[in-house]
Amino acid sequence: MSMDMDDSKAATPAAAGANLAGANLAGVNLASMAYRTILEMILDRRIPSGEVIVEDRLATALSISRTPIREALVRLASEGLIRKEFNRPYRVREVSNREYFQSMRLREILEGEAIAAAASRVDPVRLQAMKAEMLRLRDEPKIRFEDHWAADEELHTLIAEASGNAVLAQIIRDLRVTTRLFELSGLPSRIRPDCDEHLDVIAALESGDPAEARAAMERHIRSLAKDVLGEIAKS
């Protein structure tokens, strides 16, 4: 497991450990806290795709026992982020090219359906807040990867939940986990193109036209898949 990091990144698990220890004293559920911390470590690549997860190292880094670590890992496995074979340790899930593009095709269909349903239901206050954040990120000279991902997640989740279909929203969340794991495996992010496309999606939602909103979302997801395919062709 990639726990030997440079000083700037190594400070994060230690700080998290201090926070978790404090949380234990306050009676907060350590398994939930461990889950959130390990999830962040996977999504920001401190534990990369395909990496073996060593429980003892995580417990030491987070200054907690192995029991809440195990509970957190079971939860992450149930969400598809990590996998465990018989008598082997957990590994961060690896997503193949085939699975990624099949998932993107499903996202195009399902997120198109979600946004069409959300066009007349989405909270305009939250939508305006998302618009302001996308404009800020687009114009930021040095955009932090974490900020981009947080905004991306918030917008797509807002739309999925505003569809009014909880089952559809959960399927979209699961598909986004798959595609994000693939994109985290070394492909460059598309921060500014994403911001522009997200602004187009927001404008379509503001219009209140379900067909326009669906088209904007489909263009966005196709554009991402096309750029990823281009990067794969170069490698």
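The values are calculated or read from the model by the stated rules, or taken from the named source; none is laboratory data. Remember, predicted model here, so these are calculated numbers, not experimental data. Cβ atoms come from the backbone with ideal geometry, glycine included; neighbour counts cover every protein chain shown. The protein model used for the area step is the full one, side chains on, heavy atoms only, and it has no ligands, DNA or RNA in it. Shrake-Rupley method; radii C 1.70, N 1.55, O 1.52, S 1.80 Å.
Side notes on the structure shown:
- If you go through the range 67-125 and keep only what is open to solvent by 30 Å² or more (accessible area, probe 1.4 Å), among the polar types (S, T, N, Q) and assigned to a helix (DSSP H, G or I), you end up with 67, 78, 97, 102.
- Taking the range 186-215 as the range and being over 16 Å from residue 109 (Cα atoms), in a helix (DSSP H, G or I) and of a type in the set (Lys, Arg) as the test, only 192 passes.
- Breaking point among (1) surrounded by fewer than 18 Cβ atoms within 10 Å (Cβ to Cβ); (2) in contact (Cβ under 8 Å) with a residue 40 or more places away in the chain, for residue 193: (2)
- Filtered residues of the range 139-150 (kept if in a helix (DSSP H, G or I), over 10 Å from the mean Cα position of the chain (by Cα) and surrounded by 14 or more Cβ atoms within 10 Å (Cβ to Cβ)): 147, 148
- Residue in the range 157-176 that is hydroxyl-bearing (Ser, Thr, Tyr) and part of a helix (DSSP H, G or I) present: yes
- Residue match in the range 216-232 (condition: assigned to a helix (DSSP H, G or I), in contact with a Lys or Arg (Cβ under 9 Å, 6 or more places away or on another chain), touching a residue at least 24 places away in the same chain (Cβ under 8 Å) and open to solvent by 60 Å² or more (accessible area, probe 1.4 Å)): yes
- Among residues of the range 26-43 that are under 17 Å from residue 80 (Cα atoms) and part of a helix (DSSP H, G or I), those with a beta-carbon under 6 Å from a residue that is open to solvent by 30 Å² or more (accessible area, probe 1.4 Å) and modelled with pLDDT of 90 or more at least six positions away or on a different chain give the pairs 35/75.
- Residues that are free of Cβ contacts under 8 Å to residues at least 24 places away in the same chain and within 18 Å of residue 36 (Cβ to Cβ) were ranked within the range 68-106; the one that is farthest from the chain's Cα centre (by Cα) is 70.
- Screening residue 164 with (1) farther than 23 Å from residue 125 by Cα; (2) open to solvent by 30 Å² or more (accessible area, probe 1.4 Å); (3) not charged (D, E, K, R) gives one miss only, at (1).
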